[in-house]
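Note sheet for the following structure.
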Amino acid sequence: MSSHYEPSAVTVLGLGPMGQSLASAFLDAGLRTTVWNRTPGRDRGLIERGAIGARSAQEAVAASDLTVVCVVNYDAADAVLRRDVVADALKGRTVVNLTADTPGRARDTAAWAAGHGIQYLDGAIMTPTTTIGTSAAVFIHSGPEELYREHRPVLDTLGGTHTHLGEEIGRAAAYDIALLDIFWTAMAGYAHALAVAKAEGVTARELAPFAKGIGAILPPLFEQLAEGVDSGSFSGEGNPITSGVSSMAHIIHTSEAHGIDAGVMRAAEGMARRVIGLGHGADGFIRIAEVLGRR
């Protein structure tokens with residue numbers, strides 16, 4: 001491990017695949033970068049490229065005014081940051097937490113940071129490790145705008161698009177959760193579709209170009225339906241939810257005829273039938289969002 005006296009521009013805590021990519025991008029940009037990981041040895045390649053390997057998390061955060069954290073979840077982040085010696089070393093410095101977790105956890109960590117004199121920004125990375133350091137990377141941030149502006153030059157070296165979503169600290173995590181909700185439910189739908197297609201003798205490769213066509217229908221629909229949801233208009237003109245329920249029933253029947261679990265589609269159909277039962281049968285499928293949100 002190398003000793004150092006000159007302050008680093010940035011410290012990276014967590015050297016999983018994403019943490020490695022972040023540290024690598026900082027190094028590529030010529031920033032003096034200190035790195036630390038709970039499991040030793042992961043910093044070897046980065047040190048060979050000029051990173052400073054800290055012997056402890058305390059030493060790592062003390063090396064820079066800005067620490068970027070990217071670990072598996074907030075339990076892992078808390079296990080590092082909330083140790084007294086690390087919290088003491090962070091006093092007066094800034095943490096940008098790019099760890100994915102819930103909005104509630106982001107707010108809790110921000111409150112803890114404020115109580116320890118630590119400046120705190122939350123964020124999320126919306127693209128894979130391969131995009132970091134390129135124009136394809138997408139980062140979202142929330143927290144004090146002035147603090148964000150102060151550290152923006154360093155964050156910009158990670159490449160891509162950086163968007164500050166507002167001062168409310170949980171906002172980046174809220175976007176992240178909502179966007180991952182779209183991704184994982186879509187992926188679950190695709191996995192289910194492939195299982196049904198296979199049972200009917202259709203290969204994944206044969207289905208793929210048509211699946212892409214269905215996917216391409218979605219982006220303009222997202223825009224169009226968002227306006228309706230925000231204005232409280234759930235028009236089903238041309239495609240009422242009663243029509244949707246009919247096609248969902250066909251998917252469930254075909255799936256279960258092959259012994260394929262149709263639980264996800266049954267859940268969607270159940271929500272749609274609830275909307276119809278509440279007297280909204282002429283509305284579009286997106287009325288479900290409003291019904292789900294009722295308390």
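Rule-based calculations on the coordinates, nothing more; no lab input. Note that this is a predicted model, so its numbers are computed, not measured. Please note: Cβ atoms are built from the backbone with ideal geometry, for glycine as well, and neighbour counts cover all protein chains shown.
Here are the numbers for this structure:
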quantity	calculated
Mean Cβ neighbour count within 10 Å, used as a protection proxy, ranking 196-204, 8-16 highest first	8-16, 196-204
Peptides ranked, highest mean first, by Cβ atoms within 10 Å: ranges 229-238, 166-175	166-175, 229-238
Charge-dipole axis of the chain as Lys and Arg at +1 and Asp and Glu at -1 on Cβ define it, positive-most pick from Ala197, Thr134, Pro240	Ala197
Normalised per residue, the volume of the convex hull around the Cα set of the range 226-280 (Å³)	88
Calculated Rg and Dmax of the range 174-292 using C-alpha coordinates, Å	15.2, 44
Dipole axis of the range 45-194 (+1 Lys, Arg; -1 Asp, Glu on Cβ), positive-most option in Gly50, Ala110, Thr163	Gly50
Under 5 Å, built H, 5+ apart or other chain: amide partners of Val68	Thr11, Val12, Leu13, Val96
Peptide ranges 32-44, 53-65 listed from the most packed, as the mean C-beta count within 10 angstrom indicates	53-65, 32-44
Karplus 3J(HN,Hα) series, Hz, for the range 181-195 with 6.51 cos²θ - 1.76 cosθ + 1.60 (x for Gly, Pro)	4, 4, 4, 6, 5, 5, 5, 5, x, 5, 4, 5, 4, 5, 5
Extent along principal axes [Cα atoms of the chain; Å; largest to smallest]	69, 42, 31
Computed [θ] at 222 nm, deg cm²/dmol, the chain (DSSP H ≥ 4; -39,500 (n - 2.57); rounded to nearest 500)	-17000 deg cm²/dmol
Inter-part distance where the range 209-226 and the range 60-132 are each reduced to a Cα centre, Å	36
Dimensions in Å of the range 83-156 - Rg and Dmax from alpha carbons	13.2, 38
Most positive-pole-ward Cα, Ala76, Phe183, Gly30, against dipole of the chain from beta carbon charges	Ala76
Ala137 long-range amide H proximity, modeled H, under 5 Å	Gly160, Thr161
Cut-off 12 Å between beta-carbons: net charge of the residues surrounding Ser233, Lys and Arg +1, Asp and Glu -1	-4
Percentage of interatomic Cα-Cα distances in the range 10-166 larger than 28 Å	10
³J(HN,Hα), Karplus 6.51/-1.76/1.60, whole Hz, each residue of the range 114-129, x for Gly, Pro	4, x, 10, x, 9, 7, 9, 10, 10, x, 8, 10, 9, 9, x, 4
³J(HN,Hα) computed for each position of the range 270-281 - Karplus, 6.51 cos²θ - 1.76 cosθ + 1.60, integer Hz, glycine/proline x	x, 5, 5, 5, 5, 4, 5, x, 7, x, 10, x
Quarter of Cα convex hull surface for the range 178-238, i.e. mean projection, nm²	5.3
